[in-house]
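Beneath this line is the structure, given in structure tokens, with notes to follow.
The values are calculated or read from the model by the stated rules, or taken from the named source; none is laboratory data. Just so you know, these numbers come straight off a predicted model, no measurement behind them. Backbone-built Cβ (ideal geometry, glycine too); neighbour counts: all protein chains shown. Heavy atoms of the whole protein, side chains included, go into the accessibility calculation; ligands, DNA and RNA do not. Shrake-Rupley method; radii C 1.70, N 1.55, O 1.52, S 1.80 Å.
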Amino acid sequence: MHSHIPFHSNTITMTKPATLNLTFLLQDIQILEIFLAVLVFIIIHSIRQKKHHGLVVWPVLGMLPSLVTGLRTNLYEWITEVLNRQSMTFRFKGPWFSNLNCIVTCDPRNLEHLLKTKFPLYPKGGYFRNTVRDLLGEGIFNADDDTWQKQRKTASIEFHSTKFRQLTTESLFELVHYRLLPVLEASVKKSVAIDLQDILLRLTFDNVCMIAFGVDPGCLRLGLPEISFAKAFEDATEATVFRFVTPTCVWKALRFLNLGVERKLKKSIKGVDEFAENVIRTRKKELSLQTEDTTQRSDLLTVFMRLKDENGQAYSDKFLRDICVNFILAGRDTSSVALSWFFWLLEQNPEVEKNILAEICRVVNQRKDMKKKEFDNSLRFRPEEIKKMDYLHAALSEALRLYPSVPVDHKEVVEDDRFPDGRVLKKGTKVIYAIYAMGRMEGIWGKDWKEFKPERWLRDGRFMSESAYKFTAFNGGPRLCLGKDFAYYQMKYAAASVVYRYHVKVVENHPVEPKLALTMYMKHGLKVNLYRRDAAQIQKHLEDALY
């Protein structure tokens, strides 16, 4: 019996630590269970919010993980899908530490409200201006209030002058017939594929420089010389757009440290500045040597150089630089990008191409002084003939509906307001209007919205424009694009000149997708082969046009 007591005492001594360990283990399991339960609750709660908010809203991170997913695919399609689920408007909630919160909409009622009805309440805003200031400065795209109004008024007067209109038609004629067509013909003779987007960017770059600055950079010449400014400008617009999907504190830190995308942006803006400064310096020298008998220039840069600011002083070189960069963005990228998507869509829709060719032949066949030999490759379209090409106008509008050159734009509300759809906006709210998504809404364009259908723009064979708040490719309200008429003329002239002479065929398996930039470049360009039109096909269209 005594021999059992030590044994019992020892057992008790040994089980105390085991009991304590078990207690701690049970406590750990309970904490883990509580943690997992909270985690599951957060996940379920966040996912449930997707139905209400359109996207999963995570604690701290907000909708940022979903945005990252969108950036890895096609951001514009991603936005479109969300807007489709959310009746054309949703609130994007960024991380707690960021200022990525905004309202995203493509509802025509909301667009008319912010672009026209309550226009003064919706300027570009400080966030937008600060984000793009390094590239666009205080130019017309980035300016608000008096700065914007003065630039627009000056440009508007110039755009509507007879002298300016004559300059635009003459420069375009020269560029198409003495540069564009010879470059295209050279590729046909060599049987080599070309990047049509690159060639069209060169065309519009030369064109905008000639009419806006009175200089000819010679970008579109045989051999397609490398123009460092054009590459720098494209890199700068691409790097700038990444600021809109990055918390401000992050991109500002990268800019301060000169790292990553911000390093690329700084380098490319230096290239942009060098080009603009050289143009300004050259023009000032030319103007200083002018006499009263010298023919007065009518390009935009010269017009602004002759103006005075509110203090009666000549505009600074920095301001003139901003004018240059903004008008290059407006005149170079938009038309060329639209034409690239147009030719891609045309190849997929041969019936539309056939109708365009038939219209071209019908229009030129109305010439009373037409000689048969003029129907060959030497055909030159007249301005009044371009204006009569309603089906071509409709086809280009249809391309812009599906692939607008500026896919999204930005505003900021300066007073508490309410959208027509009932959405409440607090002062300082950023508003993104998704122009790309708008062209893909069944509620706006009908069940056939996916179809490339120029006929939707025609009434009794004549082109009829849609509301600027339904078709916002050229913006709307007081900020309606000043160069809209010129852009259409430019696109129609170039498109008709190419379609009449060549069939454009995209290289097999060439990837086509939009690039994330301020304008909707094709990410991989547009590789095509050109084939001359059969003379018999042209002749048939001409004969059909007689009946």
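Counting only alpha carbon atoms, the long axis of helix 390-402 and the longest principal axis of the chain meet at about 20°.
Here the chain is treated with +1 on each Lys and Arg Cβ and -1 on each Asp and Glu Cβ, and its dipole about the Cα centre works out to around 220 debye.
Ordered from largest to smallest accessible area (heavy atoms of protein chains, 1.4 Å probe), the residues 541, 160 come out as 160, 541. Return one number: the angle in degrees, 0 to 90 and rounded to the nearest 10, between the long axis of the Cα atoms of helix 334-348 and the longest principal axis of the Cα atoms of the chain. With both axes taken from Cα atoms, the answer is about 90 degrees. In whole percents, the pair-distance distribution calculated for the stretch 108-157 from its alpha-carbon pairs, binned every 5 Å from zero, is 5, 20, 22, 22, 21, 9, 1. In the chain, the calculated helix contribution to ellipticity at 222 nm averages -17500 deg cm²/dmol per residue, counting -39,500 (n - 2.57) for every DSSP H run with n ≥ 4. Here the average projected area of the convex hull drawn through the C-alpha atoms of the stretch 177-294 stands at 10.7 nm². Overall, the ratio between the Cα radius of gyration of the stretch 412-547 and 2.2 N^0.38 Å, rounded to two decimals, is 1.43.
If you take the Cα Rg of the stretch 484-547 and divide it by 2.2 N^0.38 Å, with N the number of residues, what do you get?
1.50
Between the residues 490, 275, 143, the greatest Cα displacement towards the positive end of the dipole of the chain, with unit charges on the Cβ of Lys, Arg, Asp and Glu, is found for 143. Its convex hull of Cα atoms gives the stretch 447-497 a direction-averaged projected area, equal to a quarter of the hull surface, of 4.7 nm². When the pairs 124/470; 266/470; 264/505; 116/523; 492/523 are compared against a 31 Å limit on Cα-Cα distance, 266/470; 264/505; 116/523 fall above it.
Calculated on the Cα set of the stretch 231-313, radius of gyration then Dmax: 18.5, 56 Å. The C-alpha atoms of the chain define a longest principal axis, and helix 484-501 lies at about 70 degrees to it.
Only lysine pairs 8 or more places apart, or on different chains, with alpha-carbon atoms under 30 angstrom apart are counted in the stretch 301-374, and they number 5.
What does the accessible area per residue of the stretch 399-547 come to in Å², with a 1.4 Å probe and no ligands, DNA or RNA counted?
Accessible area per residue, the stretch 399-547: 44 Å².
Accessible surface for the stretch 131-203, divided over its residues, is 44 Å² per residue with a 1.4 Å probe. Kirkwood Rh over alpha-carbon pairs of the stretch 86-214, then Stokes-Einstein at 20 °C and 1.002 mPa s: what D in µm² s⁻¹, rounded to an integer? Answer from the Stokes-Einstein relation: 112 µm²/s.
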